[in-house]
Amino acid sequence: MLKQDDADGTRSFADPAFRADVLAGLERRPRAIPARWFYDRRGSELFEHITDLPEYYPTRTEVAILSRIGDDVRARIGEGRAVVEFGSGSSTKTPLLLEAIAPSAYVPIDISGDFLRASSKVLAARFPNLLVLPFEADFMRPLTLPRTIADAPKLGFFPGSTIGNMTPAMATDLLRAMKASLGEGAMLLIGMDRIKDADVLVPAYDDAAGVTAAFNMNLLERINRELDGTVPIDAFRHEARWNDDRARVEMHLTATRDATFDVDKRPFAIAAGESIHTENSHKYGARDARILLRAGGWTPVAEWTDPDGLFAVYLAEA
Ligand code: AVI
């Protein structure tokens, strides 16, 4: 089905997987739509903005850790590794690592080919002597990496606490898939956000400027834009909740009044107070993180944190 893209007036195809996830997510109780659908163009821009917010400590804290540990990481991993990044790479974190360890090659893996190619181009221009091999794939499953790097030992890189957006079961599966993809002798450098007081965690996901609210609400706008939706946006509000039992911040879109709407010509009704669960962001204490890594088949060998213990970066070996 052709759909109008509000952002630039061009026409694009509605993703059938988006339609299927939204329809199934609105049918189920409790209602839930996977967080990966946040990241259309507008959502990605809003996420970039989130990473600069005063309340959102993870990005700047992890960047500060990575800026400090380069020599130590280099000494621990040895020479000649190929860096395999799970995700397209960030314009700040990836160069920090590449500068520090001077790898033999860099392979960013992402399911979104356009984004992957654009960010790889920028990186290749910045590191003209580095072999950059963008690889379009779903890294949640074991992969056969490009043959060019077959003989190099690998360093997997998974910053940003993105692992926190998965349930522990999914995170364990992903760690195992990474181990299988990276092969013998691999190491993994991974960022995880730590458990802390709810009065720090909740504002990080419900900032005063309302950027995270806009990021969450954009999902409803995307449904209306791409799936013939009639969701009354003003009948929902953004909510961030700390779920202590599951050690995670949850984001919800909570109905402020009873509402009815259509998506893809299917009718839905939601009662005031009911919510659509849109994201989990799990937080890991020091021991929890090591247990998770071991459950995923990795042995932790080093860890670094910031002076306030907000965020941690782990190095593990296969
Ligand atoms: C991408 N991910 C690690 C972010 C997080 O902190 O869970 C996504 C995010 N959601 C709201 N703010 C940031």
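Would you confirm whether or not the stretch 264-276 contains a residue that is under 21 Å from Pro168 (Cα atoms) and aromatic (Phe, Trp, Tyr)?
The answer is no, given that none of the residues of the stretch 264-276 is under 21 Å from Pro168 (Cα atoms) and aromatic (Phe, Trp, Tyr).
I need every pair where a residue in the stretch 47-63 that is of a type in the set (Ser, Thr, Tyr) has its Cβ under 6 Å from the Cβ of a residue that is in a helix (DSSP H, G or I), sequence separation at least 6 or different chains.
Thr51/Thr59; Tyr56/Ile50; Tyr56/Ala204
State all residues of the stretch 214-228 that are in contact with an Asp or Glu (Cβ under 7 Å, 6 or more places away or on another chain) and crowded, with 18+ Cβ neighbours inside 10 Å; if no residue qualifies, say none.
Correct list: Arg222, Arg225, Leu227.
Against the definition (aliphatic (A, V, I, L, M), within 14 Å of the ligand (Cβ to nearest atom) and modelled with pLDDT of 95 or more), how does Ala204 come out, yes or no?
Criteria met by Ala204.
If I filter the stretch 229-239 down to residues being buried (at least 18 other Cβ atoms within 10 Å of the Cβ) and within 21 Å of Asp40 (Cβ to Cβ), which single residue comes out as farthest from the ligand (Cβ to nearest atom)? Spell out how you get there, then give the answer.
First, pick out the residues of the stretch 229-239 that are buried (at least 18 other Cβ atoms within 10 Å of the Cβ): 229, 231, 235-236, 238-239.
Within this subset, residues satisfying the condition of being within 21 Å of Asp40 (Cβ to Cβ) are 229, 231, 236, 238.
On the way: Gly229: 22, Val231: 20, Phe236: 16, His238: 10 Å.
Residue satisfying both the conditions and the ranking: Gly229.
Suppose we filter the stretch 30-67 for residues that are among the hydroxyl-bearing types (Ser, Thr, Tyr), modelled with pLDDT under 95 and part of a helix (DSSP H, G or I); how many remain?
Here is the first cut: in the stretch 30-67, the ones among the hydroxyl-bearing types (Ser, Thr, Tyr) are 39, 44, 51, 56-57, 59, 61, 67.
Still in the list and also modelled with pLDDT under 95: 39, 44.
Filter once more, so that each one left must be part of a helix (DSSP H, G or I): 44.
Residues that pass the stated criteria total 1.
Is the stretch 73-87 home to any residue that is over 19 Å from Ser161 (Cβ atoms) and aromatic (Phe, Trp, Tyr)?
Going residue by residue through the stretch 73-87, those that are over 19 Å from Ser161 (Cβ atoms) are 74-82.
When the remaining residues are screened for being aromatic (Phe, Trp, Tyr), the result is none.
Within the stretch 73-87, none of the residues are over 19 Å from Ser161 (Cβ atoms) and aromatic (Phe, Trp, Tyr).
Output the number of residues of the stretch 119-151 satisfying the condition of being farther than 19 Å from Thr162 by Cβ and small (Gly, Ala, Ser).
3
I need a count of the residues in the stretch 197-239 that are closer than 22 Å to Ala14 by Cβ and in a loop (DSSP other than H, G, I, E, B).
6
Each row is one residue, and each column tells you yes or no for (1) charged (D, E, K, R); (2) in contact (Cβ under 8 Å) with a residue 60 or more places away in the chain; (3) more than 20 Å from Gly285 (Cβ to Cβ); (4) buried (at least 21 other Cβ atoms within 10 Å of the Cβ).
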site: Arg176; (1), (2), (3), (4): yes, yes, yes, no
site: Glu184; (1), (2), (3), (4): yes, yes, yes, no
site: Ala209; (1), (2), (3), (4): no, yes, yes, no
site: Leu253; (1), (2), (3), (4): no, no, yes, yes
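Are any residues in the stretch 33-65 of a type in the set (Ser, Thr, Tyr) and either surrounded by fewer than 17 Cβ atoms within 10 Å (Cβ to Cβ) or within 20 Å of Leu310 (Cβ to Cβ) (or both), and if so, which ones?
Within the stretch 33-65, Ser44, Thr51, Tyr56, Tyr57, Thr59, Thr61 meet the criteria.
The values are calculated or read from the model by the stated rules, or taken from the named source; none is laboratory data. Computed from a prediction, not measured in an experiment: that's the story for all the values here. Counting neighbours? That spans all protein chains shown, and the Cβs are built from the backbone with ideal geometry, glycine included.
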